[in-house]
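Student: Shown below is the structure under consideration.
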Amino acid sequence: MQSTPTTTNMANQKEYTRKREGSSIAKIVVDRDLCIGAASCIAVSGETYELDNENKAVVTGSDAVDDATLIMSAESCPTKAILLFDKEGKQVFPK
Ligand code: SF4
């Protein structure tokens, strides 16, 4: 299904809060313009992401996996559509 074109130039990013205990990552962002539905993130961490009906990754389990796995899933994305932020709002991936 084609997504409806929008008239805004704003980045099409979706933010997901992470509250996993002991984690240094507090926010996961998926850039829907960059996501090409390659599903590598899901191969690494199916507990964290799903593809929606536009074939874009959405976060369904922001607290599901440890930091190492989450970082690996972001690293696996061919278009770097997954961004990770720490509690201070600093971007930790991509560096
Ligand atoms: S790996 Fe990247 S491009 Fe592929 S579905 Fe996940 S976020 Fe989208």
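Derivation of every value follows stated rules applied to the coordinates shown; laboratory data play no part. Owing to the predicted nature of the structure, the values given are computational and were not obtained by experimental measurement.
Student: So what's the back-of-envelope 222 nm ellipticity for the chain, counting only DSSP H runs of four-plus at -39500 (n - 2.57) apiece and dividing by all residues, rounded to 500?
Tutor: Using -39500 (n - 2.57) per qualifying helix, the result is -4000 deg cm²/dmol.
Student: I would also like to ask the following. As a quick test, which of the pairs K19/K80; K27/K90; K27/K87 have an alpha carbon distance above 18 angstrom in this structure? Spell out each step's value before the answer.
Tutor: On the way: K19/K80 23 Å; K27/K90 10 Å; K27/K87 8 Å.
Checking Cα-Cα distances, K19/K80 exceed 18 Å.
Student: Separate question: Based on alpha-carbon positions alone, could you give the equivalent ellipsoid semi-axes of the chain from the gyration tensor, as √(5λ), descending, whole Å?
Tutor: Here the semi-axes work out to 22, 15, 11 Å.
Student: Now, a different point. In percent, what relative contact order does the chain have, based on Cα pairs under 8 Å that are 6 or more apart in sequence?
Tutor: 30 percent
Student: What angle, in degrees between 0 and 90 and rounded to the nearest 10, separates the Cα long axis of helix 67-76 from the longest principal axis of the Cα atoms of the chain?
Tutor: 30 degrees
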